[in-house]
1. With (1) modelled with pLDDT of 90 or more; (2) touching a helix residue (DSSP H, G or I) at 6+ places or on another chain (Cβ under 7 Å); (3) not in a loop (DSSP other than H, G, I, E, B) as the list, and THR448 as the residue in question, which single condition is left unmet?
2. Taking the stated definitions as given, is SER394 farther than 17 Å from TRP440 by Cβ and part of a loop (DSSP other than H, G, I, E, B)?
3. Which residue is farthest from the chain's Cα centre (by Cα), if the candidates are limited to segment 205-217 and must be closer than 14 Å to LEU147 by Cβ and of a type outside the set (Ser, Thr, Tyr)?
4. Restricted to segment 200-230, and to residues that are within 15 Å of ALA140 (Cα to Cα) and of a type in the set (Ser, Thr, Tyr), which residue is surrounded by the most Cβ atoms within 10 Å (Cβ to Cβ)?
5. For segment 124-150, give me each residue that is part of a helix (DSSP H, G or I), aliphatic (A, V, I, L, M) and either surrounded by fewer than 24 Cβ atoms within 10 Å (Cβ to Cβ) or free of Cβ contacts under 8 Å to residues at least 12 places away in the same chain (or both).
6. Considering each residue of segment 572-611, count those that are in a strand (DSSP E or B) and among the β-branched types (Val, Ile, Thr), and give that number.
7. Output the qualifying pairs, or none if there are none: Cβ atoms under 9 angstrom, residues six or more apart or on different chains, first residue in segment 680-691 and more than 15 Å from ILE600 (Cβ to Cβ) and part of a helix (DSSP H, G or I), second residue of a type in the set (A, V, I, L, M, F, W, C) and at pLDDT 85 or above.
Amino acid sequence: MELAAAVHISSEFTGRVRLPVFSYLLEKLIDCRHNLSAQLPELSRLIGMDPALSFMALRLQCAMEPADARVQSTGIEAAVDRIGMAGVDFIISQALTEAIDDIHRQRGLALEWLWRNALTTALLAKDLALALDYQPVEEAYAAGLLLDIGKLALFARTPAACAPMLADSVQALTLLEAETRVVGSAHDRIGADLIRKHTPLWFTADAVAYHTAAAVDVHQAFPLVQIVWAAKRLAAEPSPAPENLQAAADLLDLDAGQLDRLARAAQKQTREMRDELGAASEALPDDRPFHDDPAFLTQPLRIRTLLSGVYGELLQAGDHNTILRVLRQSLSVFFGIETLVIFNHNAGRNCLAESMAVGVVSSAAIEQMQIPLSAADCLPVVCHAGAKAVDSFSQTQPGLLTIIDRQLINVMGKEGFLCIPLLSGGPRACLLLGIDDAEWPWIQKQTTLLNAIVDAVDNALTRYERQSDRSKARSMGGDERPSSRTRKIVHEINNPLSIIKNYLKVLARRTDEKEAVADGIRIIDEEINRLATLVRSLTAPPEGMPGQMKGVDVNAEIKDILNMLRNGLAGETTLRFDQDLDPRLPEIDTDRDRLKQALINLLKNAMEAMPDGGTITVKTRIIRGRPHHKDRSSEKSWFKISVCDDGPGIDEEIQNELFQPHVTSKNGHDGLGLAIVREAMADLNGFLLCESVPGRGACFHMEIPEAGNDA
């Protein structure tokens with residue numbers, strides 16, 4: 001009876017989809033993401049090694065696109081590229097909350113077998129696609145990886161007593177029979193439904209749906225179904241059974257010996273990937289907890305970790321709609337909540353009126369609902385008046401829910417709702433979340449995280465509204481909004497933090513060199529002061545803080561920065577840093593922090609343009625006159641700093657807009673660095689020029705007068 005109940009519950013996957021992630025891979029992904037030099041391709045490779053992480057990435061890709069604008073995706077790499085670094089942070093947070101929330105369920109569960117089998121199946125599907133000249137190959141890999149996603153979903157909701165059947169291919173037959181008796185299908189149907197509902201991989205859903213079909217039926221199927229069907233049977237450990245080899249050979253018209261070699265190669269590659277992750281060769285014993293560190297389980301740590309990605313998104317959100325999109329994505333990713341309505345207080349009509357609705361049955365009906373504040377017992381009015389969260393699930397007695405409450409439940413298409421006040425500037429709005437009965441007990445346990453996310457969004461909305469009010473009340477001396485300025489400051493804060501971290505690495509290697517340690521401490525002290533200045537500028541007026549003009553040895557500053565980069569990246573990159581510094585360059589009166597800020601951003605931009613290595617050269621020169629700018633006086637002395645790389649160069653179509661915020665030719669980057677350099681040059685009365693030939697690298701020239709503020 002326990003098994004039947006578990007299977008029935010698992011067949012109804014509405015709302016939050018719970019999928020366990022292989023813990024060793026999750027730890028590797030977190031370590032990689034925390035590396036300052038982390039690049040999206042490496043993160044994508046790790047995500048593509050785990051079916052649960054891959055499903056989360058594909059689902060987030062769908063959540064980011066309107067339903068009528070979704071296109072058929074070719075695979076996991078394309079999805080990760082679409083969601084970017086912020087999306088990776090979201091799915092890491094989602095995977096982490098599953099790992100922490102379900103620790104008691106993970107004991108004794110042989111998750112490694114499922115992971116190994118999924119990865120081997122994916123590798124085989126890719127190799128078979130290559131052998132058969134099937135395109136796109138990425139689609140075959142994704143289909144193989146997600147083949148048992150229904151089994152993983154069942155795994156997350158099934159009591160530990162069922163785990164051996166899920167983990168063992170022989171005992172799994174008993175579970176499949178139980179599924180068929182209870183719900184008339186098996187985990188292949190569950191997996192196919194999940195993929196159709198939450199990802200753009202339509203053909204993959206078909207491959208999952210039919211991977212348990214009889215061999216005679218698969219002969220009359222499309223190629224992807226055949227490839228995945230064969231890959232699943234060839235992935236058996238330690239080697240495929242002879243009858244499965246022959247069945248796959250007959251289906252694909254390939255030699256059985258060739259298939260055996262492909263199967264053994266895939267098994268070997270899976271073992272190598274497992275060793276790369278440092279995974280144990282066997283599942284954890286039943287009496288060992290999922291994680292040995294008790295601090296890993298603490299609620300405050302869990303909340304802080306999960307919120308880090310949300311805060312990062314909100315810091316970059318520049319308008320009201322973007323902030324609300326972060327709210328929608330957070331509710332979907334963390335809680336599986338897809339239905340929400342926001343009611344604002346309309347003081348003129350003395351009512352609550354809908355201002356946003358997502359996932360409701362009838363948008364037209366919800367738009368017409370204006371809840372009078374005189375309906376004092378209606379839950380949204382109780383929430384608004386009392387500034388407290390209320391829910392329909394607690395109203396168990398007949399008659400406790402008003403007719404308005406019941407109408408709201410009907411139009412939201414759910415079995416109940418939770419109403420949370422948005423308190424910024426007073427209790428003026430209510431957030432309604434549509435929830436089904438089966439999900440409500442779990443949602444109740446997550447109220448701390450849910451309230452923290454709502455509070456963060458609420459504060460972001462208040463901040464944006466205040467900035468909008470200030471922009472209307474006074475002239476800002478330019479066309480840049482404070483929100484955009486804040487994003488640039490947040491971008492800049494990362495640079496001194498990176499320098500501090502790199503120098504701490506250097507100091508750790510030079511503990512016996514007193515002079516090097518003292519020099520490193522000096523640089524760290526300077527970067528902390530620069531960071532403090534950046535933080536103070538968050539509250540400065542939009543026109544900025546006055547710069548500190550003093551004598552600067554430009555060549556010495558450049559040497560400091562290049563030495564830091566060489567030492568901090570030693571052994572981690574094939575980048576080479578060269579310098580060609582004019583010894584005649586005198587000490588210059590200029591704003592040292594702004595100059596250093598501009599130079600670091602140009603160097604970082606060059607490094608990001610060459611992830612596979614190359615040479616970056618920094619040059620300094622004294623120049624007389626202004627050949628590039630005839631409107632400037634030719635009598636004043638100027639100095640020029642050039643940062644050149646031998647990377648791919650810059651496409652002509654984006655060169656004209658290169659210094660605009662968010663314009664970039666590099667995937668996974670925010671495109672703010674060059675805009676910040678241009679601003680710094682404007683503050684120093686200098687100029688920023690770019691010379692680039694596609695395929696032959698790029699040079700950026702900063703031309704600055706000797707007295708930056710006097711030109």
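1. (1)
2. Values: farther than 17 Å from TRP440 by Cβ: no; part of a loop (DSSP other than H, G, I, E, B): yes.
The answer is no for SER394.
3. ALA213
4. Ranking the qualifying residues of segment 200-230, first place goes to THR204.
5. Listed by number, the residues that qualify are LEU130, ALA131, VAL137.
6. Residues that pass the stated criteria total 2.
7. ALA682/LEU688
Results for (1) of a type in the set (A, V, I, L, M); (2) modelled with pLDDT of 85 or more; (3) farther than 27 Å from MET564 by Cβ, shown as yes or no for each residue.
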{"residue": "THR617", "(1), (2), (3)": "no, yes, no"}
{"residue": "LYS630", "(1), (2), (3)": "no, no, yes"}
{"residue": "SER637", "(1), (2), (3)": "no, no, yes"}
{"residue": "ASP646", "(1), (2), (3)": "no, yes, no"}
{"residue": "ILE650", "(1), (2), (3)": "yes, no, no"}
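The values are calculated or read from the model by the stated rules, or taken from the named source; none is laboratory data. None of these values were measured; they are calculated from a predicted model. In this analysis, Cβ positions are derived from the backbone assuming ideal geometry, glycine residues included, and neighbour counts consider all displayed protein chains.
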